[in-house]
Amino acid sequence: MKIGIVGAGLIVEVFLEAVKRIGALRPEAICVREGRMDRALELSEKYGIRTQYTDYAQMLNDPEIDFVYIALPNRLHYGYAAQALKSHVNVLVEKPAVLTAAEFKELARLAEENRLFLFECITTVHLPNFQDIKKRIGEIGPIRTVEANYTQYSSRYDQFRQGVVTNIFNPAMGGGALMDLNQYNVHFAVGMWGEPEEVCYYPNLRNGIDTSGVLVLRYRNFLCSCIGAKDSHGDSHVAIHGENGCIRVGSAPNECRFYEIKTDGGAETVNRQQDNRLYYELCNFSDIYDRRDYEKRNLLLEHSGRVAGVLEKARQFARMSF
């Protein structure tokens, strides 16, 4: 699985560190704007990337590339992914894959029409600890409440307060706390219990962007509150409360570093994974691609499509638009 990388931000190096651990994956090329070529050359030397491009269309025509990995500002994901699929190149696209449910539906259609693979790079549902919790959720009995919290003071928030607007706080680029941190909570909930019956979002808005907010997902027999905050400090975790016990994830949902399960039978702390959070999703993507497993591809596409729909309903409820 030979990959062409689009972008040179911080997540790209985390991605390349995960790729390095998986023998079936190889970074073949990197495409950046001209002003980022020094960074592209630095990454190329460190990770053995053979070719550097500043022309995306040219990279898509490179016969050595099976996939492109799109790590650009949120607003650009759809256009770059669509261009790749129309060029018969498979796609890995960073979260959020798109900004609207309609955009995701169109990308999925292009992938199906061209018998290609389209994967949203979202760690949560691929993590062994998440999958373990999903198997054991019945041990705590009927669920009554869930709280998911991803609070992380942004390194760019001080700039934002001073009037400097970077992509992550720019509505025109699809920024904000919902589309950055809170969507991990949504992936956790939708991956665990499916699509909720009702979606309500209450954002803290500043200069037209949600710097934090509380999302409420109503399921048939329980409520799930999701906090995503880039303007404050807090304890990121997920807590699932049932009639017979509880499960607590001791980290943000994009890592699920470990979990604790407590019932009348006692307490247990579990960790079934290693440190690089991107490793597991890339292993799964590589395996699905190698086996041409379109059924599993479709299951992942359905999941990402549901999440895109929930996020869109949240923005509609809060009267937020891009």
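The portion of the accessible surface of the chain made up by carbon and sulfur, rounded to a whole percent, is 45 (1.4 Å probe; DNA, RNA and ligands excluded). Separation of the range 2-45 and the range 210-263 by C-alpha centroid, Å? The range 2-45 and the range 210-263 have Cα centres separated by 32 Å. Hey, what number do you get for the chain at 222 nm if only DSSP H runs of n ≥ 4 count, each worth -39500 (n - 2.57), divided across all residues, to the nearest 500? My calculation for the chain gives -10500 deg cm²/dmol from helical runs alone.
Restricting the trypsin sites (Lys or Arg not before Pro) of the range 79-129 to loop positions (DSSP other than H, G, I, E, B) with no more than 13 neighbouring Cβ atoms within 10 Å leaves Arg115.
Segment Arg144..Asp287, full-extension length gain: 47.8 nm, with 0.36 nm per residue of separation and the alpha-carbon distance subtracted.
Extension gain, Arg156 to Ala172, is 4.1 nm, computed as 0.36 nm per intervening residue step minus the present C-alpha separation. Gain on full extension, evaluated as 0.36 nm per residue between Glu34 and Gln274 minus their Cα-Cα distance, stands at 82.8 nm. Could you pull out which residues in the range 134-156 have an amide N less than 16 Å from a spot 7 Å beyond the Cα of Leu299, following the Cα-Cβ vector? The answer is 134-136, whose backbone nitrogens lie closer than 16 Å to the label point.
Be a star and scan the range 1-33 for residues whose amide nitrogen sits under 15 Å from the point 7 Å along the Cα-to-Cβ vector of Asp55. It comes to 31-33, nothing else.
Here the relative contact order of the chain, from alpha carbon pairs under 8 Å that lie six or more residues apart, stands at 19 percent. Sorted from greatest to least, the principal axis extents spanned by the alpha carbons of the range 2-117 come out as 38, 26, 26 Å.
When only C-alpha pairs under 8 Å and at least 6 residues apart count, what is the relative contact order of the range 2-117, in percent? Please report the intermediate quantities before stating the final value.
Details: 190 pairs, mean separation 28.2, N = 116.
Here the relative contact order equals 24 percent.
Only the Cβ atoms of Lys and Arg (+1) and of Asp and Glu (-1) were treated as charged; on that basis the dipole of the chain about its Cα centre amounts to roughly 280 debye. Between Ser321 and Glu64, the distance separating the two model label sites (each 7 Å from Cα on the Cα→Cβ line) works out to 4.6 nm.
The values are calculated or read from the model by the stated rules, or taken from the named source; none is laboratory data. The structure displayed is predicted, hence computed values, not measured ones. Ideal geometry is used to build each Cβ from the backbone, glycine not excepted, and the neighbour counts take in all protein chains shown. When the accessible area is computed, the model is the full protein with side chains, heavy atoms only, and any ligands, DNA or RNA have been set aside. Shrake-Rupley method; radii C 1.70, N 1.55, O 1.52, S 1.80 Å.
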